[in-house]
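The values are calculated or read from the model by the stated rules, or taken from the named source; none is laboratory data. Values in this document were obtained by computation on a predicted structure and should not be read as measured data. Here the Cβ positions follow ideal geometry from the backbone for every residue, glycine too, while neighbour counts run over all protein chains shown.
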């Protein structure tokens, strides 16, 4: 992309955007004014490109520096974490002391384990439920298809807070309260709409003709699904599973509302934030961030497919 | 697409999802709405006698003042005592013992008496009372002996008397549920109610209805929410944050989207970095920005290093609400701009390159192209992103708690959590949640309307 308007030379066409339309006859291409204009445009484009690089690097730094800060604090001594002014050199001195302190704090290992379990149960549940639904939306035309799609979309718009309180009341009544299962059920409800839409867009990207071609060559519908469609959609479904995992890993409101003794990591960190030491906070922040950094790396190919589809 | 003919297959395929969403989304959503406007302990029916199958004589609402005109104990089945949790808390029960021992006339007597008359001397390992002595009636003139009755009930017939300090064995134990005959202080309505629904004051004569058993629709939770001292600051802060964050966010997201769309070298690297905050936990981002703004954080260190300040400055205290708000805005900008960018890039990719090239050919400057071609064509994407972001912004929660302790600066989601977690008030918490829901719906409708109105005004 190119540069801001202030660098533009005063070409006749630039003076007013309205007049360009009235220029009915263009001068010949070798006309000196055309050549000069062409050169100006090229220069402008080059300057614009370097400006874009500067902007890109600035934005990248704005995003990376805070992450880097937390990471370097998570791998240093407790003394450095408490010290002031802070060292700007990263990982100096490098130490696992902060990490060990965090992992040794009460409830942290259990919280980590709970988080992993809840995220895995959520992943499995929502994938099992979403894959057939996503397949139906992308492969079949049936009355009520649009209605289903729209209602799934609408579900995404409802705030988590509205859902958490009545579910807590419900779970207390049924004795499911404060278990990793109840939280997984809740997280599945949160993840399901997005997962369904993503899975349907993944299926839609595999043309049905491929399946048909398989059948033409003598495969049964199940065989052609198994040997043609499944390998093609697997990466996409894995990406949506990753998304579900991270959603569950990050979710803090419902986790704090629905658990008491079986806290997940975010709920534990949130409720002990007030009297936590800086070392605890940094290491906690590190653990909360790691899955999302991996997740973003793996789904970057699907980024626009996923959200483009979902936001339609 | 297959199966244009009618088939049940797709319905089987979507059925699990539908059922799941009905059970864990629609149903709790409905319950949540109900919690906010329905009080299931609103009124207590009074009965014409001290039994559960008595006829209802009228209802008293929760909190009404009463006087107690009579009491009676009813024997409970053993199963009720063990199984019903409600009996464990707040229930006024009385134990009665069937005892046998030597009566005042020297004969062997056996009958029922209340626990207040027995000093327990012998207990089994599981706590079952096996025996004891009859308590003396200290400082009382009159008959010092204790009456034994045919049934575990004050009004049952007397079948014998037993003297003080006499050793007895306990043959059977009964638990009585105490019933009160109450009189409404205002209307004079009289009737019987189980003691566990009545709070008795220290004079033993007056009290109030603690909670009811019958529900009714009420606005009292909503009123309680509105009257809460944090309510107005919560919704004001929420709206103010949205007002500050969204415009900045869209400018930043647009810049990011245009940078990505420019297809630079290392473009996918930049895309990865730009998308990094998208999957990040809001709590982690709160901690991240707390570490920047805290007393011995990155910002102070930096400012001191370049010589702007010469002592630590405290940014996140009760006196520096402005700084806290600023930190929250920055944290939200950092965290949630990526998703807007992704939506905008999806929109940008749908704009035909030819259109932009044509505009460039006709001499449109970069800003002219952005202003007159990109932005109008991007409008649907912008609308989607706006709705999504606004709805999510109403739920800002962990960032605020991390940066302000959830106290100095408070937002609606925060208050919902406080009502539920600290004040244990599910109904008011639900009222807050419903308020957030209504605001979300209202803003979605507002954006859809605004965009449509704009389209109608424009002639082409």
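When we screen B:46, B:91, B:60, B:76 for residues that are closer than 18 Å to residue B:178 by Cα and modelled with pLDDT of 85 or more, the only hit is B:46. Taking the criterion of being surrounded by fewer than 18 Cβ atoms within 10 Å (Cβ to Cβ), in contact (Cβ under 8 Å) with a residue 24 or more places away in the chain and more than 22 Å from residue A:299 (Cβ to Cβ), would at least one residue in segment A:204-225 satisfy it? Among the residues of segment A:204-225, at least one is surrounded by fewer than 18 Cβ atoms within 10 Å (Cβ to Cβ), in contact (Cβ under 8 Å) with a residue 24 or more places away in the chain and more than 22 Å from residue A:299 (Cβ to Cβ), which makes the answer yes. When A:190, A:197 are checked against the criterion of being in the same structural domain as residue A:126 (by TED's automatic domain parsing), in contact (Cβ under 8 Å) with a residue 60 or more places away in the chain and out of contact with any helix residue (DSSP H, G or I) (no Cβ under 6 Å at 6 or more places or on another chain), A:190 stands alone in meeting it.
Per-residue answers, yes or no, for (1) touching a helix residue (DSSP H, G or I) at 6+ places or on another chain (Cβ under 7 Å); (2) within 11 Å of another protein chain (Cβ to nearest Cβ):
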residue: A:92; (1), (2): no, no
residue: A:100; (1), (2): no, no
residue: A:108; (1), (2): yes, no
residue: A:116; (1), (2): no, no
residue: A:121; (1), (2): yes, no
residue: A:124; (1), (2): no, no
residue: A:133; (1), (2): yes, yes
residue: A:140; (1), (2): yes, yes
residue: A:150; (1), (2): no, no
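From the list B:264, B:271, B:276, B:283, the one residue that fits, being under 22 Å from residue B:323 (Cα atoms) and assigned by TED's automatic domain parsing to the domain that holds residue B:324, is B:283. How about segment B:251-275: which of its residues are within 15 Å of residue B:334 (Cβ to Cβ), in contact (Cβ under 8 Å) with a residue 40 or more places away in the chain and either under 37 Å from the mean Cα position of the chain (by Cα) or more than 7 Å from every other protein chain (Cβ to nearest Cβ) (or both)? Listed by number, the residues that qualify are B:252, B:253, B:274, B:275. Evaluated against (1) surrounded by fewer than 21 Cβ atoms within 10 Å (Cβ to Cβ); (2) within 23 Å of residue A:304 (Cα to Cα), residue B:307 falls short on exactly one condition, (2).
All conditions but one from (1) assigned to a loop (DSSP other than H, G, I, E, B); (2) modelled with pLDDT of 80 or more; (3) farther than 19 Å from residue B:94 by Cα apply to residue B:151; the one that does not is (3).
Looking only at residues in segment A:162-190 that are away from chain B (no Cβ under 11 Å) and part of a helix (DSSP H, G or I), the one that is farthest from the chain's Cα centre (by Cα) is A:174. Screening residue A:67 on (1) crowded, with 20+ Cβ neighbours inside 10 Å; (2) over 20 Å from residue B:291 (Cβ atoms) shows it passes everything except condition (2). Is it the case that residue A:248 is crowded, with 21+ Cβ neighbours inside 10 Å, part of a helix (DSSP H, G or I), within 7 Å of another protein chain (Cβ to nearest Cβ) and within 13 Å of the chain's Cα centre (by Cα)? Taking the combined requirement at face value, the residue does not satisfy it. Of all residues in segment A:191-209, exactly one satisfies the criterion of being away from chain B (no Cβ under 12 Å) and within 12 Å of residue A:152 (Cβ to Cβ), namely A:198. Would you be able to say whether some residue in segment B:321-341 is over 20 Å from residue A:60 (Cα atoms), touching a residue at least 40 places away in the same chain (Cβ under 8 Å) and at the interface with chain A (Cβ under 8 Å from one of its Cβ atoms)? The answer is no; no qualifying residue exists. The single condition among (1) crowded, with 18+ Cβ neighbours inside 10 Å; (2) facing another protein chain (nearest Cβ under 8 Å); (3) under 30 Å from residue B:412 (Cα atoms) that residue A:157 does not meet is (1).
On inspection, residue B:349 passes the criterion of being surrounded by fewer than 19 Cβ atoms within 10 Å (Cβ to Cβ), facing chain A (nearest Cβ under 9 Å) and in contact (Cβ under 8 Å) with a residue 60 or more places away in the chain.
The sole residue among A:131, A:124 that is in a helix (DSSP H, G or I) and in contact (Cβ under 8 Å) with a residue 24 or more places away in the chain is A:131. Looking at A:279, A:254, just one residue is buried (at least 24 other Cβ atoms within 10 Å of the Cβ), at pLDDT 90 or above, assigned to a helix (DSSP H, G or I) and touching a helix residue (DSSP H, G or I) at 6+ places or on another chain (Cβ under 7 Å), and that residue is A:254.
Quick check on this structure: which one of B:316, B:298, B:288 is within 19 Å of residue A:66 (Cβ to Cβ), modelled with pLDDT under 85, facing chain A (nearest Cβ under 8 Å) and surrounded by 15 or more Cβ atoms within 10 Å (Cβ to Cβ)?
Just a single option satisfies the conditions, and that option is B:298.
Yes or no: residue A:15 surrounded by fewer than 17 Cβ atoms within 10 Å (Cβ to Cβ), closer than 26 Å to residue B:262 by Cα and at pLDDT below 75? Answer is yes for this residue.
A quick yes/no check of all residues on (1) within 11 Å of chain A (Cβ to nearest Cβ); (2) touching a helix residue (DSSP H, G or I) at 6+ places or on another chain (Cβ under 8 Å); (3) assigned to a helix (DSSP H, G or I):
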residue: B:355; (1), (2), (3): no, yes, yes
residue: B:380; (1), (2), (3): yes, yes, yes
residue: B:383; (1), (2), (3): yes, yes, yes
residue: B:392; (1), (2), (3): yes, yes, yes
residue: B:395; (1), (2), (3): yes, yes, no
residue: B:401; (1), (2), (3): yes, yes, yes
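Answer with yes or no whether residue A:192 is farther than 29 Å from residue A:303 by Cβ and modelled with pLDDT of 85 or more. No, not satisfied. Remark: pairs (first residue in segment A:288-300, over 13 Å from residue A:238 (Cβ atoms) and facing chain B (nearest Cβ under 7 Å); second residue at pLDDT below 85 and surrounded by fewer than 21 Cβ atoms within 10 Å (Cβ to Cβ); Cβ separation under 8 Å; 6+ apart in sequence or on different chains) = A:300/B:268.
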